[in-house]
Amino acid sequence: MVLNKRHHLNCLQDFYIVFLGTHSVSREGAVETHLNILSTVKQSSHHEAKESIVYSYTKSFNAFAAKLSEDEANKLSAMNEVLSVFLNQYRKLHTTRSWDFIGLPLTAKRKLKLESDTIVALLDTGITPEFHSFHSFKDDGFGPPPVKWRGTCDKYVNFSGCNNKIIGAKYFKLDGRSDPSDILSPIDVGGGHGTHTASTAAGNLVPNASLFGLAKGTARGAVPSARLAIYKVCWKQDGCADMDILAAFEAAIHDGVNVISVSLGGENANYLQDTLAIGAFHAMRKGIITVASAGNDGPTMATVVNNAPWIVTVAASGIDRDFHSTIELGNRKNVSGLGISTFSPKQKQYPLVNGVDAARDASSKENAKFCLEDSLEPKKVKGKIVYCRFKTWSTEAVVKAIGGIGTIVEYDQFLDVAEIFMAPATFVNKSTGQIITNYIQTTRSPSAVIDKSHEVKIPAPFVASFSSRGPNPGSQHVLKPDVTAPGISILASYTLRTSITGLEGDTQFSEFTLMSGTSMSCPHVSGVAAYVKSFHPDWSPAAIRSAIITTAKPMSQKFNKEAEFAFGAGQVNPTRAVNPGLVYDMDDFAYIQFLCHEGYNGSTLSVLIGSPINCTSLLPGIGHDAINYPSMQLSVKSNTETTIGVFRRRVTNVGPGPTIYNSTIKSPKGVEITVKPTSLIFSHTLQKRSFKVSVKAKSMSSMQIVSGSLIWRSPRYIVRSPIVIYSP
């Protein structure tokens with residue numbers, strides 16, 4: 001999800017998605033079945049049913065999307081042939097330096113032939129194909145698309161077409177509603193979001209990329225030789241509809257992609273009513289890994305989304321770079337502000353005025369303090385820099401519209417994201433704001449100038465304040481997010497169809513821009529998943545996820561008080577993920593066992609596997625959490641003196657053999673952690689070994705989090721699993 005303070009979520013009330021059982025007939029036969037069922041409910045002809053149905057899902061699952069009344073939806077739910085019916089909703093959209101920062105330099109080892117056969121799918125706002133990040137010149141090493149590719153790229157309005165880099169492009173807009181601000185094609189008109197995520201995951205190497213000189217360097221994705229498949233499901237006006245997302249998943253699975261990257265999400269904690277979770281499960285069954293953004297609702301606890309255990313859920317963190325602007329006051333004192341101002345001043349000083357002193361009239365003074373629209377007198381602002389208190393975003397747009405030269409905004413809260421401004425502007429904290437206010441009040445003709453922003457080095461990594469936190473609202477047994485990756489001020493390709501702020505009157509257009517959000521961290525991990533896949537094309541999605549989690553660089557609770565609920569296992573470490581030593585593998589049956597253990601009704605699981613399951617007849621999932629997950633999480637009951645959790649795990653040796661792994665346990669205060677056996681002996685590659693982790697924890701205060709870990713260590717590898725104990 002991209003961090004967008006100006007975005008609002010729209011919900012659609014009259015489209016439903018209807019899931020049926022497994023079908024063994026042709027697409028035409030499945031569509032006919034859909035029409036028959038709908039005709040029965042509507043008590044109408046096939047013609048009226050055809051008018052109602054907007055899409056039939058027939059490749060990976062048997063379902064249809066249709067326009068229904070609530071009464072018709074209820075009647076469908078009662079039919080024996082129907083497994084599930086739920087309302088279509090709209091989801092919200094949730095790099096030159098970042099790859100070097102997380103340890104994937106240009107010189108990193110690669111298997112170019114296998115990387116070139118790897119296909120990364122993006123479900124997003126589309127793409128800008130003409131940019132350098134997506135060219136496929138012969139000397140870039142791009143041959144024809146991989147033989148396994150079954151997708152297409154049709155001709156669309158304002159879309160220059162596919163090439164050997166972008167090998168497929170489709171759009172889905174099933175509600176038929178017109179969106180005058182967008183174009184019915186895979187072209188990216190929605191604020192450059194899809195272009196940015198695509199180039200972050202798998203963009204070509206582009207030297208000397210920058211935003212008007214800022215963040216200058218070589219822009220690239222994790223896997224520059226990989227192919228891209230684009231599925232536009234998000235629209236500028238309406239957002240991202242469930243039925244479009246599901247259609248895109250079905251298409252991507254059929255087309256033969258290897259990785260699906262999804263930088264959007266909703267808030268449904270029920271895995272069987274979440275289209276992204278359902279689509280990702282079907283992808284997993286075909287060997288396709290899905291990586292998704294954790295959400296931008298932090299630092300509030302239990303806000304993490306896309307939290308199904310078969311999805312890799314990615315938090316956002318900062319790299320060691322920020323953007324500041326120097327404010328030169330007329331008394332020769334310099335102070336610093338935060339934000340991205342690309343403008344170089346045209347003169348040494350400009351008159352400086354406090355917004356409250358530029359009020360339109362006496363009744364406007366309170367609003368003028370915040371420089372709100374219609375509160376300032378244009379004559380008092382024209383040609384000046386205006387000092388304002390923060391109340392709404394885009395204050396600089398208000399000042400510019402009435403002739404102001406620039407804006408200094410006092411912002412009381414902590415800022416870890418550098419806002420891009422449409423006119424000279426910067427944010428200052430309260431103490432700096434007081435210095436500026438005192439200067440204005442004690443000077444007859446105060447003046448100032450805001451210099452163009454510059455880069456500064458800062459301590460990193462740290463979890464972004466906006467990044468959604470755990471615990472997982474979908475299951476108290478699965479730690480989410482899984483890992484964190486760079487998501488603050490990431491430079492990547494953009495679009496020339498929208499200004500870099502998207503604000504009316506902004507004249508800044510650039511092929512590259514800086515964006516922040518878990519939308520930006522997600523494609524980093526999607527790219528890493530593709531990177532690992534290029535070395536191990538036969539690995540399952542669970543094995544790739546395990547490699548990413550167990551090799552992540554641990555982060556400190558000292559700087560991130562929510563600990564693993566903020567950063568998961570830590571910061572993704574691409575080159576180590578290629579050689580994890582051991583993996584925690586799983587298949588689709590293991591997830592079904594887990595869902596039965598979680599209390600899901602066997603009949604509802606049919607949306608995942610096509611037919612009802614009798615949970616009581618299954619072998620029960622083993623251990624406290626009944627899942628072979630790389631991390632472990634124990635919820636401690638506050639009214640119980642001691643809580644005990646037993647976690648049973650099985651690892652596969654993906655390194656050479658023979659070898660021995662010895663365990664190291666880190667137990668937090670008040671918690672006892674043991675593992676049996678304490679050593680794992682492998683005679684050969686792909687051999688499996690099981691072990692048991694016992695966690696004994698005393699009662700804790702509400703929302704307390706303590707962190708432990710289990711490390712399996714061999715002469716060549718370190719395999720780390722976080723262990724989280726918390727009280728809800």
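The values are calculated or read from the model by the stated rules, or taken from the named source; none is laboratory data. Since we're looking at a predicted model, the values are computed, not measured. Cβ: placed from backbone, ideal geometry, glycine included. Neighbour counts: every protein chain shown. Accessible surface areas use protein heavy atoms only, side chains included; no ligands, DNA or RNA. Shrake-Rupley method; radii C 1.70, N 1.55, O 1.52, S 1.80 Å.
Values as computed for the structure displayed
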read-out: Distance (nanometres) between label positions extended 7 Å along Cα→Cβ at SER26 and THR507; value: 6.1
read-out: Sum of -39500 (n - 2.57) over DSSP H runs of 4+, divided by residues of the chain (222 nm, nearest 500); value: -5500 deg cm²/dmol
read-out: Rh by Kirkwood over Cα pairs, then Stokes-Einstein D for the range 35-145 at 1.306 mPa s and 10 °C, µm²/s; value: 82
read-out: Share of alpha-carbon pairs per 5 Å distance bin for the range 564-622, given as whole %; value: 4, 14, 20, 14, 11, 12, 14, 9, 1
read-out: Those lysines that a straight Cα-Cα span of less than 16 Å connects to LYS692, excepting residues fewer than 8 apart in one chain; value: LYS666, LYS676
read-out: Too-long pairs where the Cα-Cα distance tops 27 Å, listed order kept, from LYS430/LYS669; LYS113/LYS286; LYS380/LYS452; LYS480/LYS553; value: LYS430/LYS669
read-out: Under 5 Å, built H, 5+ apart or other chain: amide partners of ILE260; value: ALA121, ILE289, THR290, VAL291
read-out: Compactness index (Cα Rg / 2.2 N^0.38 Å), the range 322-455; value: 0.93
read-out: 3J(HN,Hα) from dihedral phi, the range 194-206, Karplus parametrisation 6.51/-1.76/1.60, rounded to Hz, x for glycine, proline; value: x, 4, 5, 5, 5, 6, 5, 6, 8, x, 5, 6, 10
read-out: Accessible area expressed per residue, the range 14-87, with surrounding protein chains retained (probe 1.4 Å, Å²); value: 49
read-out: The chain: radius of gyration and largest Cα-Cα distance (Dmax), Å; value: 26.9, 85
read-out: Solvent-accessible area per residue, Å², over the range 322-455 with all protein chains present [probe radius 1.4 Å]; value: 48
read-out: Amide H partners (placed H, <5 Å) of VAL483, local residues excluded; value: THR313, ALA315, ALA569
read-out: The range 664-728-the range 243-304 distance, computed between alpha-carbon centres (Å); value: 29
read-out: Per DSSP, loop GluC sites (Glu not before Pro) in the range 297-384 with at most 14 further Cβ within 10 Å; value: GLU373
read-out: The range 495-551: Rg to Rh, with Rh as the Kirkwood radius over Cα pairs; value: 1.24
read-out: Relative counts (whole %) of C-alpha pair distances in the range 591-728, using bins that are 5 Å wide; value: 2, 9, 17, 17, 15, 15, 12, 9, 4, 0
read-out: Whole-Hz couplings from phi, Karplus 6.51/-1.76/1.60, listed for the range 353-363; x for Gly and Pro; value: 9, 7, x, 5, 8, 10, 5, 5, 7, 4, 6
read-out: Expected-Rg normalisation [2.2 N^0.38 Å, Cα atoms] applied to the range 139-296; value: 1.07
read-out: Largest-first principal axis extents of the Cα set of the range 298-374 (Å); value: 58, 35, 20
read-out: Cα-based equivalent ellipsoid, the range 14-87: semi-axes from gyration tensor eigenvalues, Å; value: 17, 14, 11
